[in-house]
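Participant: Pasting in a structure now, in C-alpha cells, and then I'll have a few things to ask.
Each value in this text was obtained by applying a stated rule to the coordinates, not by laboratory testing. Computed from a prediction, not measured in an experiment: that's the story for all the values here. Reconstructed Cβ throughout: ideal geometry from the backbone, glycine too, with neighbour counts over all protein chains shown.
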Amino acid sequence: MNYLAHLYLSKNDKAVMLGNFIADMVTKKDRRSLSGSIHKGIELHYKVDDITDHHPIVRHSRSFFFPKFRHYSRVIIDVLYDHYLAKNWNYYHPIPLSDYVNDFYKYLENQQMDLPERVQKVVPVMIKYNWLYNYSTMDGIIRILGQMSHRIDDGTQMDECLPIFRDNYYQLEKDFTTFFHDLQLQIDKE
C-alpha cells in the first residue's frame, strides 16, 4: 500500500498517521527521538507492508505488471491500489478526500521542523504536487509514477504501465476491494 492507505489505516490518530507516513524515510537513529505514538505508526506501517507483500490477491495484481516491470511491479501496485482507495474514498471515509488530505498536509507542515531531514525534504514536494489527492485521477497516477521513476534514475519508466493498467482496470479494482477488506480485518483483529 502507498501513502493514502497507510494514513487511512491509522484510524485518524495524527501521531500514528505521521509514523505510518514516515516509516520508510527514517533510520533507526532517527526513531530514537520520536514519540511512542509515532513508533506505533511505524510498526503499523511495517505490519501493513508485510501483509500486503505476502497476500495472494496482491500477487495476482502484480502479475499483470511483472513481465515488464519486474520488482517495480510492487511499487506500481502500491500506487494503483491508492488510486482505487482515493477513487472510492466516500465509501471508506465520511470526510471528503480533499478535506482529509488538506488536514493531513497542515498537520505535516506544523510537525515538519521536528521531523528527520529526509522527511522534511519530501513534505513540500508532496504538498506542492498534492500527491494524496492526485491518486484519485488517472493523470495524477501517471504523474506520480513518472516522478518516482525520475527519482529512481535507473531507466525504469513506471509511468509506462498505463496500457496494462487500462486493460486490467476493473480486475485490479476488484482485487483491491477484496484485498483491502481483508487487510482491514487483519489489522483490526491484532
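Participant: For helix 97-111, report the angle its Cα long axis makes with the longest principal axis of the Cα atoms of the chain; keep it between 0 and 90° and round to the nearest 10°.
Facilitator: Compared with the principal axis, the helix lies near 40 degrees.
Participant: Based on DSSP H runs of at least 4 residues, each adding -39500 (n - 2.57), what is the mean residue ellipticity at 222 nm of the chain after dividing by all its residues, to the nearest 500 deg cm²/dmol?
Facilitator: Details: 14 runs with 142 residues, N = 190.
Helices in the chain give a 222 nm mean residue ellipticity of -22000 deg cm²/dmol.
Participant: So, one more: Using a/c under 1.5 as the rounded threshold, could you call segment 1-109 rounded, prolate or oblate? The axes a ≥ b ≥ c are square roots of the C-alpha gyration tensor eigenvalues, and prolate needs a/b larger than b/c, oblate otherwise.
Facilitator: Details: a/c = 2.22, a/b = 1.28, b/c = 1.73.
Cα axes put segment 1-109 in the oblate bin.
Participant: On a 0 to 90° scale, report how tilted helix 36-54 is relative to the longest principal axis of the chain, with both axes built from alpha carbons and the result rounded to the nearest 10.
Facilitator: Approximately 10 degrees, to the nearest 10.
Participant: Also, quick follow-up: For each pair in 11/47; 14/106; 40/121, compute the distance between the two Cα atoms and list the pairs where it is over 19 Å.
Facilitator: Details: 11/47 15 Å; 14/106 11 Å; 40/121 23 Å.
Correct reply: 40/121.
Participant: Here is a further query. Could you give the angle, 0 to 90 degrees to the nearest 10, between helix 169-189's Cα long axis and the longest principal axis of the Cα atoms of the chain?
Facilitator: It works out to around 40 degrees.
Participant: Something else: Using alpha carbons only, how many angstrom separate the centre of segment 121-178 from the centre of segment 73-113?
Facilitator: Cα centroid to Cα centroid, the span is 13 Å.
Participant: Also, I was wondering about something else. Please report the relative contact order for segment 3-189, taking Cα pairs under 8 Å with a sequence separation of at least 6, and give it as a percent rounded to a whole number.
Facilitator: Details: 170 pairs, mean separation 44.4, N = 187.
Across segment 3-189, relative contact order equals 24 percent.
Participant: With θ set to phi - 60°, apply the Karplus curve 6.51 cos²θ - 1.76 cosθ + 1.60 along segment 156-167 and write out the HN-Hα couplings as whole Hz, x wherever there is a Gly or Pro.
Facilitator: Result, rounded to whole Hz: 6, 10, 4, 5, 7, 7, 3, x, 5, 4, 4, 5.
Participant: Go through segment 1-45 and name the trypsin sites (Lys or Arg not before Pro) that are in a DSSP coil and have 14 or fewer other Cβ atoms within 10 Å of their Cβ.
Facilitator: Details: sites: 11, 14, 28, 29, 31, 32, 40; in loops: 11, 32.
Counting only loop positions with at most 14 other Cβ atoms within 10 Å, the trypsin sites (Lys or Arg not before Pro) in segment 1-45 are 11, 32.
Participant: Given labels modelled 7 Å from the Cα in the Cβ direction, how far is it in nm from residue 60 to residue 169?
Facilitator: Using points 7 Å along Cα→Cβ, the separation is 2.1 nm.
Participant: For residue 93, which sequence-distant residues (separation of 5 or more, or a different chain) have an amide H within less than 5 Å of its own amide H, given hydrogens modelled in the peptide plane?
Facilitator: For residue 93, whose amide H was placed from the backbone, there are no distant partners under 5 Å.
Participant: Sticking with this structure for a sec: For residue 97, what is the net charge nearby, where nearby means another residue's Cβ is under 12 Å from its Cβ and Lys, Arg count +1, Asp, Glu -1? Each step should come with its number before you reach the end.
Facilitator: Numbers: positive: 87; negative: 82, 99, 103.
My count for the surroundings of residue 97 gives -2.
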